[in-house]
Amino acid sequence: MAFLNDNYLKLRAGYLFPEIARRVKTFTDANPDAANRVIRCGIGDVTEPLPPAVIAALHKAVDEMGTREGFHGYGPEQGYEWLRHAIAENDFRARGLNVTDDEVFVSDGSKCDCGNILDVLGHNNRIAITDPVYPVYVDTNVMAGHTSDADESGAFAGLVYLKCTAENGFVAEPPKEKADVIYLCFPNNPTGAVATRGQLEAWVKYARENQAIILFDAAYEAYIGDPALPHSIYEIPGAREVAIEFRSFSKNGGFTGTRCAFIVVPKDLHASTARGERRPLHPLWLRRHTTKFNGVSYIVQRAAEALYSSEGKAQVAALIEHYMGNARILREAAAAVGLRVYGGVNAPYIWVSTPPGTTSWQMFDRMLGEANVVITPGSGFGAMGEGWFRISAFNSRANAEEVARRIKAIAW
Ligand code: MLT
């Protein structure tokens with residue numbers, strides 16, 4: 001008899017974004033006239049074409065693959081050296097941060113990396129997550145058996161929930177209790193909040209004192225415009241010993257459909273064996289990555305490398321400017337109708353309060369039914385997200401302007 005993984009049965013029926021897609025389909029099937037009017041500001045999926053530097057690199061790599069000399073079969077699982085070098089050099093060493101090429105591991109996405117990292121961590125860790133939170137951190141821990149069942153609010157016993165509210169600016173402080181693994185995401189998905197240097201220093205201090213590990217998701221770092229805000233956890237002294245950083249080309253280079261990301265596992269980062277010995281995690285991640293993954297395709301890695309060329313950097317900057325222009329338009333529209341608005345300044349997500357007495361899912365239905373706009377209900381990100389909704393700035397300018405008009409037209 002084969003047994004299934006019972007932990008999956010603890011999960012809510014569907015992952016948040018497929019559930020939203022299902023509800024949108026139900027709506028458009030029932031209202032075919034509205035189907036063409038629907039504008040999607042739900043999932044944070046980029047809309048603008050790939051940068052020209054990327055397209056040129058893709059064409060060149062495809063042509064190389066058609067020749068005997070330029071053909072590439074299996075590549076190094078961790079990523080080609082030239083890409084790892086470009087990443088470490090441009091994203092870290094150019095900012096004065098000590099990251100070596102071989103601490104960079106290229107992958108097919110941050111979502112996968114966030115889930116896969118659990119392979120090299122023990123099962124007895126006390127896991128801390130913020131609430132609201134990117135659901136992948138929670139669900140992958142549930143799947144791995146790190147929690148008990150969920151209560152009515154959807155909170156899983158066994159996790160430490162760090163409440164993020166308007167009062168703390170949606171940036172949680174380290175808890176009084178002990179946690180061994182902490183997920184932090186800045187700029188934050190879903191709230192758009194960004195931790196200051198001082199706030200990250202407090203987290204690094206906490207991790208060092210508790211021999212904990214911070215899993216730092218910086219997938220949206222390119223959206224930080226304020227020069228005082230840190231882009232990387234490694235800007236905080238001592239972070240190399242306690243933090244793994246997740247980065248992605250999805251939201252800067254528009255790679256959501258192209259797929260390329262990376263994580264940094266510093267060689268100074270240690271964790272305890274069951275017998276209490278401190279051992280580095282880097283060799284374990286290398287072992288995991290080379291055993292379970294065959295690398296990102298040569299063509300896509302060449303495309304990612306092109307993002308670091310001078311044209312590539314300028315084109316990425318233009319994309320960010322475009323999406324942040326949308327963020328401003330959407331933020332101002334929500335504020336103009338009297339809603340409380342956060343985020344959207346150094347992040348592509350706008351976090352908006354629902355009107356009093358309206359739940360997040362009721363707001364989702366209203367926005368879809370009355371404005372034909374898809375948003376993400378805040379409660380889908382955790383119990384503390386109830387009473388909020390998220391608007392994604394990933395869209396064309398025309399759509400962002402139209403959404404702003406429709407928000408203002410609703411009878412609030
Ligand atoms: C989101 O909308 O939260 C993101 O698209 C999720 C992701 O990047 O996986």
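Among the listed residues T67, T165, which satisfies the condition of being at pLDDT 95 or above, farther than 23 Å from G14 by Cα and under 20 Å from the mean Cα position of the chain (by Cα)?
Of T67, T165, the one residue that is at pLDDT 95 or above, farther than 23 Å from G14 by Cα and under 20 Å from the mean Cα position of the chain (by Cα) is T165.
Could you give every pair whose Cβ atoms fall below 6 Å, whose first residue belongs to segment 373-384 and is touching a residue at least 40 places away in the same chain (Cβ under 8 Å) and more than 13 Å from A21 (Cα to Cα), and whose second residue is among the β-branched types (V, I, T) and within 14 Å of the ligand (Cβ to nearest atom), counting only separations of at least 6 or pairs across chains?
F381/V133; G382/V133
What's the number of the only condition in (1) hydrophobic (A, V, I, L, M, F, W, C); (2) under 26 Å from E305 (Cα atoms); (3) within 16 Å of the ligand (Cβ to nearest atom) that V24 fails to meet?
Single failed check for V24: (2).
Does T147 count as open to solvent by 50 Å² or more (accessible area, probe 1.4 Å), of a type in the set (V, I, T) and more than 16 Å from the ligand (Cβ to nearest atom)?
For T147, the condition - open to solvent by 50 Å² or more (accessible area, probe 1.4 Å), of a type in the set (V, I, T) and more than 16 Å from the ligand (Cβ to nearest atom) - is not met.
Taking the condition of being open to solvent by less than 10 Å² (accessible area, probe 1.4 Å), within 13 Å of V133 (Cα to Cα) and in a helix (DSSP H, G or I), how many residues in segment 368-382 meet it?
So the answer is 2.
Out of curiosity, is A347 in contact with a helix residue (DSSP H, G or I) (Cβ under 6 Å, 6 or more places away or on another chain), within 16 Å of the ligand (Cβ to nearest atom) and not aromatic (F, W, Y)?
Taking the combined requirement at face value, the residue satisfies it.
Can you pull out every residue in segment 185-219 that is touching a Leu at 6+ places or on another chain (Cβ under 9 Å) and under 15 Å from G238 (Cβ atoms)?
R197, L200, W203, I213, I214, F216
Output the number of residues of segment 211-235 satisfying the condition of being more than 16 Å from the ligand (Cβ to nearest atom), among the hydrophobic types (A, V, I, L, M, F, W, C) and within 23 Å of V133 (Cα to Cα).
Qualifying residue count for the region: 6.
Identify, from the list Q301, Q315, the residue that is open to solvent by less than 10 Å² (accessible area, probe 1.4 Å), modelled with pLDDT of 95 or more, more than 16 Å from the ligand (Cβ to nearest atom) and within 24 Å of the chain's Cα centre (by Cα).
Q301
Go over the candidates R240, R279 one by one and state the one that is on the phi < 0 side of the Ramachandran plot and in contact with an Asp or Glu (Cβ under 6 Å, 6 or more places away or on another chain).
R240
Output the number of residues of segment 110-141 satisfying the condition of being touching a strand residue (DSSP E or B) at 6+ places or on another chain (Cβ under 7 Å), closer than 19 Å to H270 by Cα and in a helix (DSSP H, G or I).
Selection size over segment 110-141: 3.
Consider only pairs whose beta carbons are under 6 Å apart and that are at least six residues apart or on different chains; among these, list those whose first residue lies in segment 349-371 and is aliphatic (A, V, I, L, M) and whose second residue is open to solvent by 10 Å² or more (accessible area, probe 1.4 Å).
The qualifying pairs are I350/R331; I350/G343; V352/L339; V352/V341; M363/T354; L368/F27; A371/R406; A371/I410.
Could you list, ordered by first residue, the pairs with Cβ atoms under 8 Å in which the first is in segment 240-265 and more than 21 Å from Y80 (Cβ to Cβ) and modelled with pLDDT of 95 or more and the second is within 14 Å of the ligand (Cβ to nearest atom) and of a type in the set (S, T, Y), at least 6 apart or interchain?
From segment 240-265, the pairs are K251/Y220; K251/Y223; T256/S250.
So, of the residues in segment 258-271 that are touching a Ser or Thr at 6+ places or on another chain (Cβ under 9 Å) and open to solvent by 10 Å² or more (accessible area, probe 1.4 Å), which turns out to be farthest from I214 (Cα to Cα)?
Result: T258.
Where residues in segment 118-138 are more than 15 Å from the ligand (Cβ to nearest atom) and β-branched (V, I, T), which of them is farthest from the chain's Cα centre (by Cα)?
The qualifying residue farthest from the chain's Cα centre (by Cα) is V120.
Determine, yes or no, whether S248 is among the polar types (S, T, N, Q) and buried (at least 24 other Cβ atoms within 10 Å of the Cβ).
In short, yes.
So which of N90, N141 ends up being more than 30 Å from K10 (Cα to Cα) and under 21 Å from the mean Cα position of the chain (by Cα)?
It is N90.
Just to be sure, is G44 within 15 Å of the ligand (Cβ to nearest atom) and small (G, A, S)?
Judged against the criteria, G44 is a match.
Kindly indicate the residue of segment 330-367 that is over 30 Å from D29 (Cβ atoms) and of a type in the set (V, I, T) and also surrounded by the most Cβ atoms within 10 Å (Cβ to Cβ) among those meeting that condition.
Among residues in segment 330-367 that are over 30 Å from D29 (Cβ atoms) and of a type in the set (V, I, T), the one surrounded by the most Cβ atoms within 10 Å (Cβ to Cβ) is V341.
Using the structure shown, decide if A334 is under 25 Å from the mean Cα position of the chain (by Cα) and closer than 30 Å to G154 by Cβ.
yes
The values are calculated or read from the model by the stated rules, or taken from the named source; none is laboratory data. All values reported here derive from a predicted model rather than from experimental measurement. Positions of Cβ are generated from backbone atoms using ideal geometry, with glycine treated the same way; all protein chains shown enter the neighbour counts. Ligands, DNA and RNA are stripped out before the accessible areas are found, and what is left, the full protein with its side chains, is counted by its heavy atoms. Shrake-Rupley method; radii C 1.70, N 1.55, O 1.52, S 1.80 Å.
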